[in-house]
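Asker: Following this message is one structure expressed as structure tokens.
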Amino acid sequence: HWDELGGRSDVRCEITLSLNRKGEVLATKFQECLDDVDLREQMLSAIKRAQPFPEPSNPSCFSDTFDISVGPPKDSD
């Protein structure tokens, strides 16, 4: 539901989502991202529109936290 970081190709954001078993987002936490309020609001809006997230085909694989990364890959040092 969202495919850009405010038009900036140099920005990377990592977000941890807390989900219930229905795939609904209960909480979000930015692990790494710019302190850009508009950008964060755009990302949260896209996450809300993407709900509910699909259930895993094997219910035993369910995890109540889910990490997503948006942007270019991290540089490996």
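The values are calculated or read from the model by the stated rules, or taken from the named source; none is laboratory data. This structure is a prediction, so every number in the text was calculated from the model and none was measured. Virtual Cβ from ideal backbone geometry, glycine too; neighbours counted across all protein chains shown. Heavy atoms of the whole protein, side chains included, go into the accessibility calculation; ligands, DNA and RNA do not. Shrake-Rupley method; radii C 1.70, N 1.55, O 1.52, S 1.80 Å.
Asker: Among the residues of segment 50-77, which ones are over 16 Å from K22 (Cβ atoms) and either of a type outside the set (G, A, S) or assigned to a loop (DSSP other than H, G, I, E, B) (or both)? Steps first, answer last, please.
Answerer: Residues of segment 50-77 over 16 Å from K22 (Cβ atoms): 58, 60, 67-77.
Passing the criteria: N58, D67, I68, V70, G71, P72, P73, K74, D75, S76, D77.
Asker: Give the number of residues within segment 39-77 that are acidic (D, E), open to solvent by 100 Å² or more (accessible area, probe 1.4 Å) and touching a residue at least 24 places away in the same chain (Cβ under 8 Å).
Answerer: Quick first cut of segment 39-77, residues acidic (D, E) only: 41, 55, 64, 67, 75, 77.
Imposing the further condition that a residue be open to solvent by 100 Å² or more (accessible area, probe 1.4 Å) reduces the set to 41, 55, 67, 75, 77.
Next, only the ones that are touching a residue at least 24 places away in the same chain (Cβ under 8 Å) stay: 55, 67.
The qualifying residues number 2.
Asker: Does at least one position in segment 21-38 carry a residue that is surrounded by 11 or more Cβ atoms within 10 Å (Cβ to Cβ), of a type in the set (A, V, I, L, M, F, W, C), modelled with pLDDT of 80 or more and more than 15 Å from S69 (Cα to Cα)?
Answerer: Yes; the residues of segment 21-38 include at least one that is surrounded by 11 or more Cβ atoms within 10 Å (Cβ to Cβ), of a type in the set (A, V, I, L, M, F, W, C), modelled with pLDDT of 80 or more and more than 15 Å from S69 (Cα to Cα).
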